[in-house]
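Heads up: the structure comes next, in structure tokens.
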Amino acid sequence: MMTRPQQGRTHRLTRPSIAIAAAVAVTAGVVAAAPDAKTAEPTPKLSLIAASTSVTLDSWKDDPGVYLDLGTYLTSENGAFELKVTRKSYKDPVVATQVLRNGKKTTTKALPAGLVKDFSGLPGFAQVSVTDAAGKTVLKQTEAFCPNNASGRIRPDAPAQSKYPQSCPVNPFTLGSVWGVENGWASNTYAGYYAKPVQLAAGTYTAKISVTKKYRDLFGIANKPQTVKVTVRERSWEEEEGSGSTARSAAPQSAKSAAGTQGHTGHGGHEGHQQAADAPAASAHAAHGAPARPEAPAGRTTGATPTFNVGHGPYPPAPPALPWALKKESLQRQAFSAAKVGDRPGQTDGSRQAPAAKANAKRPTGKATVPDVPKPDLRSLPAYGITVNDGYEEKAGRDYLAFSANVWNAGPAKLVVDGFRSPGKELMDAYQYFYDAKGKQVGYTPTGTMEWDPRPGHEHWHFTDFASYRLLKADKKESVRSGKEAFCLANTDAVDYTVKNANWHPDNTDLSTACGQENSISVREVLDVGSGDTYTQDLPGQSFDITGLPNGTYYIQVLANPENRLKETNHKNNSALRKVVLGGKKGARTVTVPAHELVNAN
């Protein structure tokens, strides 16, 4: 797992590196017989299987390290394996509950206190040991398991699609998540990017994979370890370029580079999300998140799916895999293409990037009304990813406090805003829509404007006055206000999928389609129930100029809907504060970020 900064640690921001696009694809290569209805157990039967008896893994000369995706899966029969993971507040620990469904009857089983520490998966779930050709043990480690990992069906009568989310959230201020392996499905046990690559020389090995005893006892999993033959081959980027190949699938960044950036790569995931499976070449939206050069090809099987905060949360995305290919256009921009992957009957590989919903065909007419129907509830998360920088060459000689921020929707209704442009006008007129319980639009109200943001890393339409950032003094009076108050809305982070009407498969998770182009005549921006929208600290506007501020204690305030333009259920929970302590001298300022209650993440 990526390590998190400790309380009191001083951070400085280096030049942000560019995130790679990520996608995963897998179909379990096994078929299991359907259970006999007469002997079906009331709880799901979990088993560890291996999709293949052998795998080939690559170690790259210019980026050494092997990602141990061994193709082992956890299957669920006799019902779905489902966990609900929550915390009441940031003062309370994370707790996990197993949800057992038997027809219309639902029961729950509390898992041991302290079993999970965050929302990224079950820690220490899989035990992996590797021996070399001489029988010597060269590696022994445990890995976490996210039940929402890349998955596939193991029998033909299983549900065609999994109802569970496509990944486990890693935003440090996540409040609730749902994990699950669908009935008749299997999820990869590989910890993905959240497991460090291992050093293995080229050669042949034998890997033994098992579920650790505490989870076998907890979930009734048989002790049946899987053995996989492993071939490690050494490759180099130069050799690949020399081969003349133009279709290459992206490989993971090294653990070193990942740790160096902590994944703060831009609203980029906004701009850094990979393109949809059949999408055209990457647009300007992807430029901020494109790698400086195509990464080396990865293996044909992967584990963890990309999270919704790919490219802009505190952690890097999951490792890429087949079928992604990179076509080099320049050192700054990449065009992405892909083989036929994605969600279809019997397979959900996590590579799907849900496109944006289309705006209404024309702007609303008739009297504007705000009916008495469910409305969204916008809330802010405390700032994180907090660093200081010197402005680089663009603003040399000045000091900036940069941060990541998220505004999310606690529901029970989604936020839907359409923008319509009059011919020749620079701004779009924005409208908020309201829906009844059946999803029928029953009202609308004008709600400000949308503006085109041409700055690198944005280059899309922003809804104005969605949120505001303010730096408060120790007495919590305003000291500095960020110039950024306009946002492109997208469902980048799964903040709490346990709230009423949470959508586990939201639309517009891919900014390349969510926020339009410069010549767009209309756009629709949506923030679905349970999801939030993160902007990270390396984007324009995500910082405060602290050059002239004295050292001392301050609070970063993230304020949703600051002008109350949007109609919502509660306007009193829109603010979140994060304490910071500034130190150092001009040109070498520092920031210390105390823990926020039980959340110890900078």
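Where in the stretch 480-589 are the strands (runs of 3 or more DSSP E), entirely inside, with at least 3 residues that are at pLDDT below 90?
522-527, 531-535, 543-545
Output the strands (runs of 3 or more DSSP E) that fall wholly within the stretch 138-215 and possess 2 or more residues being open to solvent by 20 Å² or more (accessible area, probe 1.4 Å), or say none.
Correct list: 203-211.
Among (1) over 30 Å from the mean Cα position of the chain (by Cα); (2) in a strand (DSSP E or B); (3) at positive phi, there is one condition residue 442 misses while meeting the rest; what is its number?
Status for residue 442: all satisfied but (3).
Could you tell me how many of the residues in the stretch 590-601 are part of a strand (DSSP E or B) and under 23 Å from the mean Cα position of the chain (by Cα)?
2
Which of (1) open to solvent by 10 Å² or more (accessible area, probe 1.4 Å); (2) touching a helix residue (DSSP H, G or I) at 6+ places or on another chain (Cβ under 6 Å) is the odd one out, the single condition residue 101 does not satisfy?
Answer for residue 101: the failing condition is (2).
Mind checking which residues of the stretch 454-479 are part of a strand (DSSP E or B), open to solvent by less than 60 Å² (accessible area, probe 1.4 Å) and at pLDDT 75 or above?
Those that are part of a strand (DSSP E or B), open to solvent by less than 60 Å² (accessible area, probe 1.4 Å) and at pLDDT 75 or above: 461, 462, 463, 464, 467, 468, 469, 470, 471, 472, 479.
Taking the stretch 358-381, which residues are among the β-branched types (Val, Ile, Thr), assigned to a loop (DSSP other than H, G, I, E, B) and touching a residue at least 40 places away in the same chain (Cβ under 8 Å)?
370, 373
Out of all the residues in the stretch 104-128, which are closer than 17 Å to residue 89 by Cα and either more than 21 Å from the chain's Cα centre (by Cα) or in a strand (DSSP E or B) (or both)?
Matches in the stretch 104-128: 113, 114.
Would you call residue 190 among the hydroxyl-bearing types (Ser, Thr, Tyr), at pLDDT below 95 and in contact with a Gly (Cβ under 7 Å, 6 or more places away or on another chain)?
yes
I'm trying to understand the selection: among the residues of the stretch 402-440, which are within 16 Å of residue 362 (Cα to Cα) and buried (at least 22 other Cβ atoms within 10 Å of the Cβ)?
Of everything in the stretch 402-440, those that are within 16 Å of residue 362 (Cα to Cα) and buried (at least 22 other Cβ atoms within 10 Å of the Cβ) turn out to be 416, 417, 418, 419, 428, 430, 432.
The values are calculated or read from the model by the stated rules, or taken from the named source; none is laboratory data. Given the structure is predicted, the values throughout are model-derived calculations rather than measurements. Please note: Cβ atoms are built from the backbone with ideal geometry, for glycine as well, and neighbour counts cover all protein chains shown. What goes into the accessible areas is simple: the full protein's heavy atoms, side chains included, and nothing from ligands, DNA or RNA. Shrake-Rupley method; radii C 1.70, N 1.55, O 1.52, S 1.80 Å.
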